[in-house]
Amino acid sequence: MSLPEDPPHSPSLISPPVANDSVANDLSHIDLADCQDFLITNSGKIQGLFPDPFTPPLHPYRLYRFLTNLEDILAQEPDDALRLQQIMPMVRSLLTSSDWLQLEYQMPSPQTGWNVKMLYREPNFPLTVQMVSWLPGYRSTVHNHATWGVVALIHGQEKNTFWRRSPTADHPDRIASVSEQVLVPGDIIGFLPDAIHSVEAMGEEPTISFNLYGVTDFNRRFEFDPTHHTAKKF
């Protein structure tokens, strides 16, 4: 489930595995042939992607190699949609190969309903890598990210509602809902920078997701109020 990603600002950090009372699913037990990839356009439309059949890597696909490959894609491919189509299969390979990542989360806070654990951040490195958890029944605000993003669900069920801008003369920040998509473990969703969504943790168990973001343009990142047709800086 997506959250306000923190900009990279501290020395590099890769956390060691934690001793959690784990609720995370082992993705190796999921039939990956049934998992889906989705691309969300700037207008909130869902494009189902049809990647090549997934083959687990023969050797561990480690986080450092994933980050290096990702940096190469960002340098070579300027189009965000094409970037995401290359990145999402890499995320699936990472999560199925590096089992420790599935346990690298913190339980949601009873006060806020969510929690974020940074997996990697580094000054001037154009990526934010997080594990995000939400308590069931909690909902996010309606927001965009002002950068490309990828969310891979590891545990629980997450409903995404997608919105598009629908301005009027009286309400220039009016938005309208477009569609919904429920993610289950193994599903991966990619967002273009101006995609607008809200999320809800469904079911009776926390949601846990691997979240990946590019460089946020905070001048273009907003929280929307669909009732009063307003928007404010996130």
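Just a few scattered comments:
- Proximal lysines to Lys45, defined as alpha-carbon separation beneath 24 angstrom and excluding residues fewer than eight positions away on the same chain: Lys159, Lys232, Lys233
- In order along the range 194-200, the phi-based Karplus estimate (6.51 cos²θ - 1.76 cosθ + 1.60, θ = phi - 60°) of 3J(HN,Hα) comes to 9, 5, 10, 8, 9, 10, 9 Hz; Gly and Pro are listed as x.
- Local electrostatic count, Asn160, Cβ distance below 15 Å [Lys/Arg +1, Asp/Glu -1]: -1
- 3J(HN,Hα) along the range 96-111, derived from phi through the Karplus expression 6.51 cos²θ - 1.76 cosθ + 1.60 where θ = phi - 60°, amounts to 7, 8, 9, 4, 4, 5, 5, 9, 8, 9, 10, 5, x, 6, x, 7 Hz, with x in place of Gly and Pro.
- Residues Leu58 and Gln106, FRET efficiency given R0 of 25 Å [Cβ-Cβ distance, rounded to 0.05]: 0.20
- Residues in the range 219-234 carry Karplus couplings, in order, of 6, 10, 9, 9, 10, 10, 10, x, 7, 9, 6, 10, 9, 9, 4, 6 Hz; the curve used is 6.51 cos²θ - 1.76 cosθ + 1.60 with θ = phi - 60°, and Gly or Pro positions show x.
- Cα gyration tensor shape for the range 104-234, rounded if a/c is under 1.5, else prolate or oblate: oblate
- Ranked by the mean number of other Cβ atoms within 10 Å per residue, highest first, peptides 172-184, 200-212 order as 200-212, 172-184.
- Rh (Kirkwood; distinct C-alpha pairs) - the range 52-123, Å: 14.2
- Cβ-defined net charge surrounding Pro136, 13 Å radius [Lys, Arg +1; Asp, Glu -1]: -2
Each reported figure results from applying straightforward, stated rules to the coordinates on display, with no laboratory input. Keep in mind it's a predicted model, so treat the numbers as computed, not measured. A quick note on method: Cβ atoms are made from the backbone with ideal geometry, for glycine too, and the neighbour counts reach across all protein chains shown.
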